[in-house]
1. Test Leu308 against the stated conditions and say whether it is in a helix (DSSP H, G or I) and in contact with a His (Cβ under 8 Å, 6 or more places away or on another chain).
2. In the set Val231, Val206, which member is outside any helix (DSSP H, G or I) and modelled with pLDDT of 80 or more?
3. If I ask for residues that are touching a residue at least 12 places away in the same chain (Cβ under 8 Å) and over 14 Å from Leu59 (Cα atoms), which ones from the stretch 1-27 would you list?
4. Say whether the condition of being surrounded by 12 or more Cβ atoms within 10 Å (Cβ to Cβ), under 30 Å from Pro62 (Cα atoms) and of a type outside the set (A, V, I, L, M, F, W, C) is met by at least one residue in the stretch 207-221.
5. Identify, from the list Ser236, Ser173, the residue that is over 19 Å from the mean Cα position of the chain (by Cα) and modelled with pLDDT under 80.
6. Could you please let me know if Ala164 is under 59 Å from the mean Cα position of the chain (by Cα) and modelled with pLDDT of 75 or more?
7. Here are some residues: Ala79, Ala67, Ala109. Which one is modelled with pLDDT under 90 and either closer than 30 Å to Leu152 by Cα or in contact with a Ser or Thr (Cβ under 8 Å, 6 or more places away or on another chain) (or both)?
8. Which of (1) under 30 Å from Lys4 (Cβ atoms); (2) surrounded by 10 or more Cβ atoms within 10 Å (Cβ to Cβ); (3) out of contact with any Asp or Glu (no Cβ under 8 Å at 6 or more places or on another chain) is the odd one out, the single condition Gln286 does not satisfy?
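The values are calculated or read from the model by the stated rules, or taken from the named source; none is laboratory data. This is a predicted model, so every value here is computed, not measured. Here the Cβ positions follow ideal geometry from the backbone for every residue, glycine too, while neighbour counts run over all protein chains shown.
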Amino acid sequence: MTKKKTLYEILAVAADASEAEIQAAFDAASTKLESQKNRISADDFDFKLKVVQLAFKTLSSPSSRDAYDAKLAAAAVPAPAPVAAAPSLALVPLQADAEALSLRAEAMALRADAMTLRADAMALRSGAAPFRESRSFASSSEPVVSGLAPLLRKILMVLGTLFAIAAVAQSVSLLLANRRAEMAATAAAQASEKVLLQEYYQAHGVRPANKAELDALEAENRRKENEKRTVEREKSKVEQDARRFEEESRRRGEQVAADLRMAELQAKEQARRDDERREWQQKEDQRLKEQTERMRIERQKAEWREVLRR
């Protein structure tokens, strides 16, 4: 499956690019799109322009860029195993979700109530423990303590209330920041999905309706590619077997032809030798015949001479 492009890759800038570099990259990308406006369809032009504008809007704002960088970092690093946290009233939530922030706000409110109860206890303790060294001193200091106790209680109540308000405000601000980060991440994911759909359309001429359909189409394409490679391998194997059989047949034919030529040469040589032997035998028979005839003539001559001599 095709890898999703980040907003930095869409603008062709580095992850640590400055605002000036991001602005220059946005201007260059917009100019390039304007130059291609007449060569692409209106829908493609609007879609690419919206993607570039979304990338520039996200990366040009420090808050949205920090949220997007945090999303990229979270996507690159595997999530750690959950660890049970000790009960605490810290201001920073362990998980940036609505339920955790609500629980933290309730904890802050309970802490404010505890501070109020502590103020009430201090006020009661101040009114119930007067000095007893002398009646005159006790009678003179009792109105002062009684006057300071409500004031101290009010001060502590105001501080607790302000603390609770600050905790709730911080929780709400964290919730809003996380919500904005989630919205920016969702928008970036949608933009990346649109980029993938557009790239698939440009590569294959089919426009998927959503990411699930794109995954299904890519899975189908991979299946077809595997089947095509399997068919090509089978075809190549059949062709190799045919070439091997043809080569083996050719070698056998050449061997048989060579054997036939050798047998033919041997037959010719044997026939030549037989002809030479018959010719020699004929000559030898003729010679013996002539020799026998000469010997017979010689005997007849000798006999005639003997007869004449008588």
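1. For Leu308, the condition - in a helix (DSSP H, G or I) and in contact with a His (Cβ under 8 Å, 6 or more places away or on another chain) - is not met.
2. Being outside any helix (DSSP H, G or I) and modelled with pLDDT of 80 or more holds for just one of Val231, Val206, which is Val206.
3. Met1, Thr2, Lys4, Lys5
4. yes
5. Selected residue: Ser173, the only one of Ser236, Ser173 that is over 19 Å from the mean Cα position of the chain (by Cα) and modelled with pLDDT under 80.
6. Considered against the rule, which asks whether it is under 59 Å from the mean Cα position of the chain (by Cα) and modelled with pLDDT of 75 or more, Ala164 comes out as no.
7. The conditions single out Ala109.
8. All conditions pass for Gln286, except number (1).
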